[in-house]
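*Asks:* Below you'll find the structure I mean.
The values are calculated or read from the model by the stated rules, or taken from the named source; none is laboratory data. What you are looking at is a predicted structure, and each value in this text was computed from that prediction instead of being measured. Here the Cβ is made from the backbone with ideal geometry for all residues, glycine too, and neighbour counts use every protein chain on show. Side chains are part of the model used for accessible areas, which takes the heavy atoms of the whole protein and leaves out ligands, DNA and RNA. Shrake-Rupley method; radii C 1.70, N 1.55, O 1.52, S 1.80 Å.
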Amino acid sequence: MCQTERGDRVKIFIDTAKLEEIKEANSWGIIDGVTTNPSLIKKTVDSLDKNVSIEKYIEQICREVDGPVSLEVKSQGAQKMIEEAKKLYDLFNHVNDNVVIKIPVNTAMEDDQENYEGIKAIKILEERGIPTNATLIMSPNQAWLAAKAGAAYVSPFLGRIDDYIRNNMGLKAGEDFDKESYFDEDLLERIRSEKAREIIKGDIKEDIGRIYLNEGLTSLSAEVKSGVDVVRKIKRIFENYQFKTEIIAASIRNARQAMEVAEIGAEISTIPFDIITQMIKHYKTQEGMKNFTKDIIPEYDALFKK
Ligand code: G3P
(Lines give C-alpha, C1' and ligand atoms only; values in the text may rest on other atoms or scores of the structure.)
Protein backbone atom coordinates (compact mmCIF):
# COMPACT_ATOMS: atom_id res chain seq x y z
CA MET A 1 0.00 0.00 0.00
CA CYS A 2 1.50 3.38 -0.91
CA GLN A 3 1.80 6.16 1.68
CA THR A 4 -0.93 8.41 0.28
CA GLU A 5 -3.44 5.56 0.59
CA ARG A 6 -2.72 5.63 4.32
CA GLY A 7 -3.72 9.28 4.56
CA ASP A 8 -0.11 10.38 4.67
CA ARG A 9 -1.04 14.01 4.12
CA VAL A 10 -2.38 14.16 7.64
CA LYS A 11 0.17 13.17 10.22
CA ILE A 12 -0.02 12.11 13.83
CA PHE A 13 2.87 12.88 16.15
CA ILE A 14 3.04 11.60 19.68
CA ASP A 15 3.44 14.27 22.36
CA THR A 16 5.67 12.50 24.85
CA ALA A 17 9.28 11.75 25.67
CA LYS A 18 8.43 8.31 27.07
CA LEU A 19 10.10 5.72 24.90
CA GLU A 20 7.71 2.92 25.83
CA GLU A 21 4.73 5.03 24.69
CA ILE A 22 6.51 6.01 21.48
CA LYS A 23 7.40 2.36 20.74
CA GLU A 24 3.91 1.09 21.49
CA ALA A 25 2.09 3.67 19.34
CA ASN A 26 4.70 3.30 16.61
CA SER A 27 4.05 -0.45 16.48
CA TRP A 28 0.42 0.36 15.52
CA GLY A 29 1.69 2.13 12.39
CA ILE A 30 0.10 5.48 13.23
CA ILE A 31 3.03 7.62 14.36
CA ASP A 32 4.77 10.05 12.01
CA GLY A 33 6.86 12.00 14.52
CA VAL A 34 7.46 12.96 18.15
CA THR A 35 7.26 16.24 20.03
CA THR A 36 8.95 16.87 23.35
CA ASN A 37 9.40 19.89 25.58
CA PRO A 38 11.31 20.48 28.84
CA SER A 39 8.25 19.51 30.94
CA LEU A 40 7.76 16.24 29.05
CA ILE A 41 11.49 15.44 29.38
CA LYS A 42 11.29 16.16 33.14
CA LYS A 43 8.24 13.91 33.53
CA THR A 44 10.03 11.12 31.67
CA VAL A 45 13.33 11.43 33.50
CA ASP A 46 11.49 11.49 36.86
CA SER A 47 9.99 8.11 35.94
CA LEU A 48 13.29 6.54 34.83
CA ASP A 49 16.09 4.72 36.55
CA LYS A 50 18.64 7.31 37.80
CA ASN A 51 21.44 5.69 35.77
CA VAL A 52 19.81 6.20 32.37
CA SER A 53 21.81 8.55 30.14
CA ILE A 54 19.47 11.22 28.77
CA GLU A 55 21.67 11.53 25.69
CA LYS A 56 21.35 7.83 24.89
CA TYR A 57 17.63 7.97 25.68
CA ILE A 58 17.01 10.80 23.19
CA GLU A 59 19.13 8.96 20.61
CA GLN A 60 16.77 5.98 21.03
CA ILE A 61 13.74 8.23 20.47
CA CYS A 62 15.28 9.58 17.26
CA ARG A 63 16.08 6.05 16.08
CA GLU A 64 12.60 4.72 16.88
CA VAL A 65 10.60 7.04 14.61
CA ASP A 66 11.20 7.77 10.94
CA GLY A 67 9.77 11.26 11.16
CA PRO A 68 10.50 14.60 12.82
CA VAL A 69 11.50 14.61 16.48
CA SER A 70 11.13 18.04 18.10
CA LEU A 71 13.64 18.98 20.80
CA GLU A 72 13.42 22.33 22.56
CA VAL A 73 16.10 24.90 23.42
CA LYS A 74 16.38 26.23 26.97
CA SER A 75 17.40 29.91 26.81
CA GLN A 76 15.63 33.15 25.99
CA GLY A 77 18.12 35.17 23.94
CA ALA A 78 18.34 34.58 20.18
CA GLN A 79 22.10 34.00 20.13
CA LYS A 80 21.98 31.48 22.98
CA MET A 81 19.03 29.64 21.41
CA ILE A 82 20.87 29.41 18.10
CA GLU A 83 23.90 27.88 19.87
CA GLU A 84 21.65 25.43 21.74
CA ALA A 85 19.80 24.52 18.56
CA LYS A 86 23.11 23.75 16.89
CA LYS A 87 24.19 21.69 19.90
CA LEU A 88 20.98 19.60 19.86
CA TYR A 89 21.19 19.22 16.09
CA ASP A 90 24.83 18.08 16.22
CA LEU A 91 24.15 15.69 19.07
CA PHE A 92 21.10 13.98 17.62
CA ASN A 93 20.47 14.64 13.95
CA HIS A 94 23.15 12.16 12.81
CA VAL A 95 21.11 9.34 14.40
CA ASN A 96 18.19 9.39 11.96
CA ASP A 97 18.32 12.77 10.20
CA ASN A 98 15.03 13.80 11.83
CA VAL A 99 15.71 16.51 14.43
CA VAL A 100 13.57 19.65 14.48
CA ILE A 101 14.35 22.42 16.93
CA LYS A 102 11.55 23.86 19.01
CA ILE A 103 11.90 27.60 19.52
CA PRO A 104 9.35 29.50 21.63
CA VAL A 105 7.76 32.07 19.33
CA ASN A 106 8.28 34.70 22.03
CA THR A 107 10.60 34.06 24.95
CA ALA A 108 9.62 37.13 27.03
CA MET A 109 8.33 36.27 30.48
CA GLU A 110 7.35 39.84 31.37
CA ASP A 111 5.86 42.71 29.36
CA ASP A 112 9.04 44.79 29.48
CA GLN A 113 11.29 42.07 28.04
CA GLU A 114 12.41 41.80 24.43
CA ASN A 115 9.71 40.06 22.42
CA TYR A 116 11.42 39.13 19.20
CA GLU A 117 14.21 36.75 20.24
CA GLY A 118 12.27 33.67 19.17
CA ILE A 119 11.50 35.09 15.75
CA LYS A 120 15.12 36.17 15.25
CA ALA A 121 16.38 32.70 16.15
CA ILE A 122 13.89 31.04 13.79
CA LYS A 123 15.05 33.21 10.89
CA ILE A 124 18.74 32.50 11.44
CA LEU A 125 18.25 28.77 11.96
CA GLU A 126 16.17 28.60 8.79
CA GLU A 127 19.04 30.29 6.88
CA ARG A 128 21.45 27.71 8.36
CA GLY A 129 19.26 24.81 7.25
CA ILE A 130 18.11 23.77 10.74
CA PRO A 131 14.34 23.18 10.71
CA THR A 132 12.37 24.86 13.48
CA ASN A 133 9.06 24.29 15.21
CA ALA A 134 7.74 27.61 16.59
CA THR A 135 6.21 26.61 19.88
CA LEU A 136 3.92 28.17 22.52
CA ILE A 137 1.78 29.66 19.74
CA MET A 138 -1.37 31.14 21.31
CA SER A 139 -2.63 33.37 18.50
CA PRO A 140 -2.96 33.34 14.69
CA ASN A 141 -0.73 36.42 14.49
CA GLN A 142 2.15 34.66 16.26
CA ALA A 143 1.85 31.78 13.79
CA TRP A 144 1.79 34.16 10.85
CA LEU A 145 5.00 35.91 11.99
CA ALA A 146 6.74 32.60 12.73
CA ALA A 147 5.86 31.31 9.26
CA LYS A 148 7.06 34.54 7.70
CA ALA A 149 10.39 34.19 9.58
CA GLY A 150 10.78 30.70 8.09
CA ALA A 151 9.53 28.19 10.68
CA ALA A 152 9.00 24.73 9.21
CA TYR A 153 6.23 24.12 11.76
CA VAL A 154 4.05 26.16 14.10
CA SER A 155 2.56 24.62 17.24
CA PRO A 156 -0.63 26.26 18.50
CA PHE A 157 -1.35 25.09 22.08
CA LEU A 158 -5.06 24.32 21.93
CA GLY A 159 -5.66 23.22 25.52
CA ARG A 160 -3.79 26.17 26.99
CA ILE A 161 -5.71 28.63 24.78
CA ASP A 162 -8.95 27.09 26.04
CA ASP A 163 -7.65 27.35 29.64
CA TYR A 164 -6.92 31.03 29.09
CA ILE A 165 -10.37 31.75 27.70
CA ARG A 166 -12.02 29.80 30.52
CA ASN A 167 -9.91 31.57 33.16
CA ASN A 168 -10.90 34.92 31.68
CA MET A 169 -14.52 33.84 32.02
CA GLY A 170 -13.87 33.39 35.74
CA LEU A 171 -13.77 29.57 35.55
CA LYS A 172 -11.17 27.69 37.56
CA ALA A 173 -9.25 24.59 36.43
CA GLY A 174 -9.92 21.65 38.72
CA GLU A 175 -13.04 23.30 40.15
CA ASP A 176 -15.19 24.35 37.19
CA PHE A 177 -13.51 22.23 34.52
CA ASP A 178 -10.97 19.43 34.24
CA LYS A 179 -7.78 19.53 32.23
CA GLU A 180 -9.27 17.18 29.66
CA SER A 181 -12.76 18.75 29.39
CA TYR A 182 -13.73 19.84 25.90
CA PHE A 183 -14.21 23.59 25.58
CA ASP A 184 -17.32 24.37 23.60
CA GLU A 185 -16.84 27.51 21.53
CA ASP A 186 -20.59 27.68 20.78
CA LEU A 187 -21.22 27.90 24.52
CA LEU A 188 -18.89 30.87 24.66
CA GLU A 189 -20.87 32.51 21.87
CA ARG A 190 -24.11 31.96 23.80
CA ILE A 191 -22.59 33.44 26.96
CA ARG A 192 -21.27 36.34 24.92
CA SER A 193 -24.66 37.20 23.47
CA GLU A 194 -26.23 36.87 26.92
CA LYS A 195 -23.58 39.28 28.22
CA ALA A 196 -24.25 41.62 25.29
CA ARG A 197 -27.95 41.61 26.19
CA GLU A 198 -27.08 42.56 29.78
CA ILE A 199 -24.82 45.32 28.56
CA ILE A 200 -27.50 46.73 26.30
CA LYS A 201 -29.93 46.77 29.22
CA GLY A 202 -27.39 48.47 31.53
CA ASP A 203 -24.80 51.18 31.25
CA ILE A 204 -24.00 51.02 27.56
CA LYS A 205 -21.12 53.44 27.52
CA GLU A 206 -19.08 51.84 30.26
CA ASP A 207 -19.63 48.25 29.20
CA ILE A 208 -19.31 48.69 25.46
CA GLY A 209 -16.01 50.44 26.24
CA ARG A 210 -14.89 47.36 28.11
CA ILE A 211 -15.56 45.16 25.09
CA TYR A 212 -12.89 46.95 23.12
CA LEU A 213 -10.43 47.47 25.94
CA ASN A 214 -8.95 43.99 26.05
CA GLU A 215 -10.62 43.27 29.34
CA GLY A 216 -12.17 39.95 30.03
CA LEU A 217 -14.32 37.60 28.10
CA THR A 218 -15.92 39.76 25.45
CA SER A 219 -12.80 41.12 23.83
CA LEU A 220 -11.07 37.76 24.01
CA SER A 221 -13.86 35.94 22.30
CA ALA A 222 -13.89 38.59 19.60
CA GLU A 223 -10.36 37.52 18.64
CA VAL A 224 -10.53 33.73 18.99
CA LYS A 225 -13.27 31.44 20.17
CA SER A 226 -11.17 28.44 21.25
CA GLY A 227 -7.92 26.59 20.64
CA VAL A 228 -9.57 24.85 17.71
CA ASP A 229 -10.56 28.25 16.33
CA VAL A 230 -6.92 29.38 16.46
CA VAL A 231 -6.01 26.41 14.23
CA ARG A 232 -8.89 27.29 11.88
CA LYS A 233 -7.61 30.86 11.55
CA ILE A 234 -3.96 29.87 11.08
CA LYS A 235 -5.00 27.39 8.39
CA ARG A 236 -6.90 30.12 6.55
CA ILE A 237 -3.97 32.57 6.74
CA PHE A 238 -1.47 29.96 5.54
CA GLU A 239 -3.76 28.95 2.67
CA ASN A 240 -4.42 32.56 1.65
CA TYR A 241 -0.71 33.19 1.19
CA GLN A 242 0.58 29.71 0.38
CA PHE A 243 2.92 29.37 3.34
CA LYS A 244 4.73 26.02 3.33
CA THR A 245 4.84 26.03 7.14
CA GLU A 246 2.89 23.09 8.58
CA ILE A 247 0.54 23.37 11.54
CA ILE A 248 1.14 21.02 14.47
CA ALA A 249 -1.99 21.17 16.62
CA ALA A 250 -0.53 20.75 20.13
CA SER A 251 -1.68 20.70 23.75
CA ILE A 252 -4.52 18.44 22.65
CA ARG A 253 -6.46 17.41 25.74
CA ASN A 254 -9.30 15.28 24.37
CA ALA A 255 -10.32 13.17 21.38
CA ARG A 256 -12.87 15.73 20.18
CA GLN A 257 -10.18 18.39 19.69
CA ALA A 258 -8.12 15.86 17.71
CA MET A 259 -11.11 15.18 15.43
CA GLU A 260 -11.90 18.86 14.95
CA VAL A 261 -8.38 19.90 13.95
CA ALA A 262 -8.27 17.01 11.46
CA GLU A 263 -11.55 18.30 9.98
CA ILE A 264 -10.09 21.79 9.70
CA GLY A 265 -7.06 20.41 7.88
CA ALA A 266 -4.18 20.84 10.34
CA GLU A 267 -1.38 18.89 8.66
CA ILE A 268 -0.24 17.42 11.96
CA SER A 269 -1.69 16.76 15.39
CA THR A 270 0.62 15.92 18.25
CA ILE A 271 -1.34 13.84 20.70
CA PRO A 272 -0.49 12.40 24.13
CA PHE A 273 -0.60 8.61 24.38
CA ASP A 274 -3.70 8.50 26.61
CA ILE A 275 -5.67 10.65 24.16
CA ILE A 276 -4.63 8.40 21.26
CA THR A 277 -6.07 5.47 23.21
CA GLN A 278 -9.31 7.44 23.81
CA MET A 279 -9.60 8.01 20.06
CA ILE A 280 -9.89 4.29 19.40
CA LYS A 281 -12.50 3.61 22.11
CA HIS A 282 -16.27 3.53 21.68
CA TYR A 283 -18.93 2.05 23.91
CA LYS A 284 -20.88 0.65 20.93
CA THR A 285 -17.73 -1.01 19.55
CA GLN A 286 -17.29 -2.80 22.88
CA GLU A 287 -20.95 -3.80 22.90
CA GLY A 288 -20.67 -5.05 19.31
CA MET A 289 -17.61 -7.09 20.24
CA LYS A 290 -19.47 -8.74 23.13
CA ASN A 291 -22.36 -9.67 20.84
CA PHE A 292 -20.20 -11.02 17.99
CA THR A 293 -18.15 -13.07 20.44
CA LYS A 294 -21.29 -14.47 22.09
CA ASP A 295 -22.79 -15.42 18.70
CA ILE A 296 -19.87 -17.56 17.49
CA ILE A 297 -21.37 -20.95 16.65
CA PRO A 298 -19.33 -24.19 17.06
CA GLU A 299 -19.24 -24.77 13.26
CA TYR A 300 -17.67 -21.34 12.73
CA ASP A 301 -15.29 -21.87 15.65
CA ALA A 302 -14.19 -25.20 14.12
CA LEU A 303 -12.91 -23.40 10.98
CA PHE A 304 -10.11 -21.88 13.06
CA LYS A 305 -9.01 -25.23 14.38
CA LYS A 306 -8.36 -26.81 10.95
O1 G3P B 1 2.81 19.87 22.79
C2 G3P B 1 2.55 20.75 23.84
C3 G3P B 1 2.04 20.05 25.03
O4 G3P B 1 2.94 19.10 25.53
C5 G3P B 1 1.51 20.90 26.10
O6 G3P B 1 0.40 20.22 26.57
O7 G3P B 1 -1.47 19.70 28.02
O8 G3P B 1 0.65 20.64 28.98
O9 G3P B 1 -0.85 22.06 27.63
P10 G3P B 1 -0.35 20.69 27.89
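*Asks:* Residue by residue through segment 136-151, what is 3J(HN,Hα) from phi via Karplus (6.51 cos²θ - 1.76 cosθ + 1.60, θ = phi - 60°)? Round to whole Hz and write x for glycine and proline.
*Replies:* 6, 7, 10, 8, x, 5, 4, 5, 4, 5, 5, 5, 4, 6, x, 5
*Asks:* Another question, then. With the chain treated as a Gaussian network of Cα nodes joined by springs under 10 Å, which of 15, 295, 112 yields the largest mean-square fluctuation?
*Replies:* Residue with maximal mean-square fluctuation among 15, 295, 112: 295.
*Asks:* Over all Cα pairs of segment 1-134, how is the pair count split among 10 Å bins, expressed in % and running from 0 up to the last occupied bin?
*Replies:* Once binned at 10 Å, the Cα pair distances of segment 1-134 give 12, 38, 33, 15, 2, 0.
*Asks:* Give the lysines reachable from residue 306 as a straight Cα distance under 26 Å; neighbours fewer than 8 places away on the same chain don't count.
*Replies:* Within the straight-line limit of under 26 Å, residue 306 reaches these lysines: 290, 294.
*Asks:* A further question follows. Could you work out which residue, out of 105, 73, 52, moves most in a Gaussian network model of the chain, that is, has the largest mean-square fluctuation with Cα springs under 10 Å?
*Replies:* Maximum among the listed residues: 52.
*Asks:* How much of residue 91 can a 1.4 Å solvent probe reach, expressed as accessible area in Å² and rounded to 10?
*Replies:* Near enough 60 Å² of accessible area.
*Asks:* Starting at 0 and stepping by 10 Å, how many percent of the alpha carbon pairs of the chain end up in each bin?
*Replies:* Values per bin, smallest distances first: 6, 23, 30, 22, 11, 6, 2, 0, 0.
*Asks:* Looking at segment 48-193, what % of the alpha carbon pairs are farther apart than 20 Å?
*Replies:* Pairs farther apart than 20 Å: 58 percent.
*Asks:* Relative to the present Cα-Cα distance, how much length would full extension add between residue 164 and residue 300 at 0.36 nm per residue of separation?
*Replies:* 43.4 nm is the gain from fully extending residue 164 to residue 300.
*Asks:* With every protein chain kept in place and ligands, DNA and RNA left out, what is the accessible area per residue of the chain? Probe 1.4 Å, answer in Å².
*Replies:* 59 Å²
*Asks:* Leaving out ligands, DNA and RNA, and with a 1.4 Å probe, what % of the accessible surface on segment 1-93 is carbon or sulfur?
*Replies:* The C+S portion of the solvent-accessible surface of segment 1-93 is 51 percent.
*Asks:* Still on this model: Please report the accessible area of residue 303 (heavy atoms, 1.4 Å probe, ligands and nucleic acids excluded) in Å², nearest 10.
*Replies:* My reading of the accessible area for residue 303 is about 100 Å².
*Asks:* A further question on this structure: Percent relative contact order of the chain, based on C-alpha pairs within less than 8 angstrom and at least six residues apart?
*Replies:* Relative contact order, the chain: 17 percent.
*Asks:* Output ³J(HN,Hα) for segment 261-269: one whole-Hz value per residue in order, computed from phi by the Karplus curve 6.51 cos²θ - 1.76 cosθ + 1.60 with θ = phi - 60°, and x for Gly and Pro.
*Replies:* These are the phi-based 3J(HN,Hα) values: 6, 5, 4, 5, x, 4, 5, 9, 10 Hz.
*Asks:* So if R0 is 35 Å, what FRET efficiency would residue 60 and residue 190 give, r being the distance between their Cβ atoms, rounded to the nearest 0.05?
*Replies:* Calculated value: 0.10.
*Asks:* Step through the table entries 225/281; 23/172; 80/123; 179/281; 43/87, compare each Cα-Cα distance with 25 Å, and write down the pairs that go over it.
*Replies:* 225/281; 23/172
*Asks:* Give me the net charge for the shell around residue 77: Cβ to Cβ below 14 angstrom, other residues only, Lys and Arg +1, Asp and Glu -1.
*Replies:* -1
*Asks:* Using a 1.4 Å probe on the protein heavy atoms, what percent of the accessible area of segment 235-306 belongs to carbon and sulfur?
*Replies:* Accessible surface attributable to carbon and sulfur in segment 235-306 totals 58 percent.
*Asks:* Could I ask something else about it? Test of understanding: given the chain, find the longest segment containing no chymotrypsin sites (Phe, Trp or Tyr not before Pro) that are in a DSSP loop and have at most 12 other Cβ atoms within 10 Å.
*Replies:* By the stated rule (loop sites, at most 12 other Cβ atoms within 10 Å), 29-240.
*Asks:* Here's something else I'd like to know. How much net charge surrounds residue 295 when only the other residues with a Cβ under 15 Å from the Cβ of residue 295 are counted, with Lys and Arg +1 and Asp and Glu -1?
*Replies:* Combined, the nearby Lys, Arg, Asp and Glu give -1.
*Asks:* I've got another one for you. Which cross-chain or sequence-distant (5 or more) residues have an amide H under 5 Å from the amide H of residue 72, H modelled 1.01 Å from N in plane?
*Replies:* 102
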